[in-house]
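Just below is one structure, and these are the notes that go with it.
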Amino acid sequence: MIVMSIRTAVLARVRRVWKNGRGRWLRRAVLAGVLGALLLVGASWASVSWIRSGAEGRMFTAQGAPETPVALVLGTRVQPDGTPAPFLSARLEIARELYAAGKVQAILVSGDNMNADYNEPEAMQRWLVERGVPADKVVLDHAGFDTYDSCARAKRIFGVDRATVVTQQFHLARAVTVCRHLGVDAVGVGDETAREYGRAWQVAATREYGASVKAALDVFSGRDPVHLGRRETGVDEALRNG
């Protein structure tokens, strides 16, 4: 009875605040919140639809992938001991398989090397070389800070026109679509083995909704990557050495 009386009093107070002048700010805040949520949902839906459309018919297994000159492996976390974390090693294994099967002639590893203590590309190159990929077939992009930057730099810095993008399956459509819109004729192969890390996989897959909105904004704004620079010939040389 006491709880019900308290609840009734609180509700009556809220109604009075809502109706009088002091509640005007509250009504506006609620309306703004509702509109903002609707805009966010709409932007996410439109971005995901755009991404899926751009990658339709361009995602394959390693065995079914068409031949392209270059595998573009997108970087992700490296462990404190300098070895690739499971998500990254799964991507690298796909790239190794593509190279061993003759599906690609060179591998461009693109990741974060923002400071001297953290170097994704070198860890990726070391992993591949230790497993039989010739060192001169692995080209390093030290400024692939996100998917957009990796795709833009593959085209503008390394001169890649056609590539097989390698990442996790939940990320693949976004990577392929972004690369295509930046001038790389891209197909993709996605890893599914990291699903065994259930919670990490689910968290990363859920974040794709927000990442899709960012990808659309990046592409349609035409922003430059964080770092540009002179044209690098590493991919050309790796292909010639074949």
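The values are calculated or read from the model by the stated rules, or taken from the named source; none is laboratory data. The structure presented is a predicted model; accordingly, all values stated were derived computationally and were not measured. With ideal geometry, Cβ positions are generated from the backbone for all residues, glycine too; neighbour counts draw on all protein chains shown. In case anyone asks, the SASA skips ligands and DNA or RNA and just uses the protein heavy atoms, side chains included. Shrake-Rupley method; radii C 1.70, N 1.55, O 1.52, S 1.80 Å.
Collect the residues in segment 94-119 that are touching a Lys or Arg at 6+ places or on another chain (Cβ under 8 Å) and farther than 19 Å from Ala186 by Cβ, keeping them in residue-number order.
Matches in segment 94-119: Arg96 only.
Of all residues in segment 71-86, count the ones that are outside any loop (DSSP other than H, G, I, E, B), surrounded by fewer than 23 Cβ atoms within 10 Å (Cβ to Cβ) and touching a Lys or Arg at 6+ places or on another chain (Cβ under 7 Å).
Residues meeting the conditions: 0.
Answer yes or no as to whether Leu39 is among the hydrophobic types (A, V, I, L, M, F, W, C) and modelled with pLDDT of 95 or more.
When the stated conditions are applied, Leu39 does not pass them.
So Val160 fits all but one of (1) at pLDDT below 95; (2) not in a helix (DSSP H, G or I); what number is the exception?
Answer for Val160: the failing condition is (1).
If a residue has to be in contact with a Leu (Cβ under 6 Å, 6 or more places away or on another chain) and assigned to a strand (DSSP E or B) to count, how many in segment 111-140 make the cut?
Result for segment 111-140: 2.
Can you say whether Ala204 is more than 22 Å from Met59 (Cβ to Cβ), modelled with pLDDT under 95 and surrounded by 17 or more Cβ atoms within 10 Å (Cβ to Cβ), as far as the supplied structure shows?
no
Examine segment 90-101 for a residue that is under 16 Å from the mean Cα position of the chain (by Cα) and open to solvent by less than 10 Å² (accessible area, probe 1.4 Å), and state whether such a residue exists.
Yes: one or more hits.
Answer yes or no: is there a residue in segment 167-177 that is part of a strand (DSSP E or B) and open to solvent by less than 10 Å² (accessible area, probe 1.4 Å).
Yes, the conditions are met somewhere in segment 167-177.
Just give me the residues in segment 45-70 being in a helix (DSSP H, G or I) and of a type in the set (Ser, Thr, Tyr), in sequence order.
Ser47, Ser49, Ser53
Just checking, how many residues over segment 141-157 are in a loop (DSSP other than H, G, I, E, B) and over 11 Å from Asp112 (Cα atoms)?
So the count comes out to 1.
Condition test on Ala216, is it closer than 20 Å to Val166 by Cβ and open to solvent by less than 90 Å² (accessible area, probe 1.4 Å)? I'd like the intermediate steps shown before the answer.
Values: closer than 20 Å to Val166 by Cβ: no; open to solvent by less than 90 Å² (accessible area, probe 1.4 Å): yes.
When the stated conditions are applied, Ala216 does not pass them.
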